[in-house]
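Before any comments, here is the structure.
Throughout, read-outs are computed from the coordinates displayed, never taken from laboratory work. Since the structure is predicted, the reported quantities are computational estimates derived from the model, not experimental observations. Neighbour counts run over all protein chains shown; Cβ positions are idealised from the backbone, glycine included.
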Amino acid sequence: MNFRTVTPEEMKKAAALEALKLVRDGMVLGIGTGSTVNFFIDALKDLIAQGVRIRGVSTSFESSERARAVGVNVEEDYTGPIDLDVDGADEMDASGNLVKGGGGALLREKIIAYNSKNVCIIADESKFKANGIGTFRIPVEVLPYLSQMTRNQVEKIGGICIFRDNGKYRTDNGNMVMDCDFGIIKNPAEMENKIKMVPGVMEVGLFCGLATLAFVAGQDGTRTINFKNFSP
């Protein structure tokens, strides 16, 4: 018997559609950034067509534009509670530690995740790392001012840092991004705090203690990983 191989794109869509089941009328959504989240945003169109009212707070200009195109009312300066944040990850471990920022939106992603009641991560199985995170270089958003000094200080922690696009890359906030190799990180929360304490660092792409649950899609279907209690 021949079994068809599920493609990475199909896995991403499957994870996104599981997250869609959590969306309720009147919710304020945190809308992440990236190829997996794009499937989630596009799927919101059908819910809105059915009369489901959705407001959103987006992590990037790109996601804002895409969400508005399907009918989401995207707030620019929202001050209330965010019911559910749906976002992707570059890596995750079994404890819910994440590496994010491959798309450059890590600062806005962390602000939204921190202020959300629930954070749902959607990903294909390649992003789950049973042996620990750190294979993917850790993105670090830094102020352009004296950025080489900031790089030197982060490297003293033990990383090898490379400015994205030879220093030409800029985030939606006008900052630079360093991609830093620390190897497999034994204590992600400790590393997150150490990097964040360096002056000039605006945010670090280690997200520890924020994820509520994850939908991870693979060849055998989509599994749910609960990191903390979901609070509707």
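Peptide packing: for 95-102, 24-31, the average count of neighbouring Cβ atoms within 10 Å per residue gives the ranking 95-102, 24-31, highest mean first. Since only Ala15, Ile133, Ile31 are under comparison, the one whose Cα sits farthest along the positive direction of the charge dipole of the range 1-141, derived from C-beta charges on Lys, Arg, Asp and Glu, is Ala15. Phi angles across the range 19-30 convert, under the Karplus curve 6.51 cos²θ - 1.76 cosθ + 1.60 with θ = phi - 60°, into 3J(HN,Hα) values of 5, 4, 5, 8, 6, 10, 4, x, 5, 9, 9, x Hz, Gly and Pro given as x. I'd like to know which of Ile111, Gln50, Asn175 lies farthest towards the positive end of the charge dipole of the chain, counting +1 on Cβ of Lys and Arg and -1 on Cβ of Asp and Glu. Ranked along the dipole, the leading option is Ile111.
When only alpha carbons are used to place a centre, the range 76-105 and the range 140-161 end up 23 Å from one another. Relative contact order, whole percent, for the range 100-232 stands at 34, derived from Cα pairs under 8 Å and 6 or more residues apart. In order along the range 59-75, the phi-based Karplus estimate (6.51 cos²θ - 1.76 cosθ + 1.60, θ = phi - 60°) of 3J(HN,Hα) comes to 8, 7, 4, 4, 5, 4, 5, 5, 5, 4, 5, 9, x, 7, 7, 8, 8 Hz; Gly and Pro are listed as x. Relative contact order for the range 138-203: 48 percent, from Cα pairs under 8 Å spaced at least 6 residues apart, divided by residue count.
About its Cα centre, the range 138-203 has a charge dipole of approximately 160 debye under the convention of +1 per Lys or Arg Cβ and -1 per Asp or Glu Cβ, with nothing else charged.
Classified by the C-alpha gyration tensor, the range 130-232 has a prolate form. Its axis ratio a/c, with a ≥ b ≥ c, is 1.5 or above, and a/b is larger than b/c. Ordering of 194-200, 219-225, 105-111, 66-72 by packing is 105-111, 66-72, 194-200, 219-225, highest average first (other Cβ atoms within 10 Å, averaged per residue). Rounded to the nearest 20, the Cβ-based charge dipole of the chain about its Cα centre (Lys and Arg +1, Asp and Glu -1) stands at 200 debye.
For the peptides 48-61, 117-130, the ranking by mean Cβ contacts within 10 Å, running from highest to lowest, is 117-130, 48-61.
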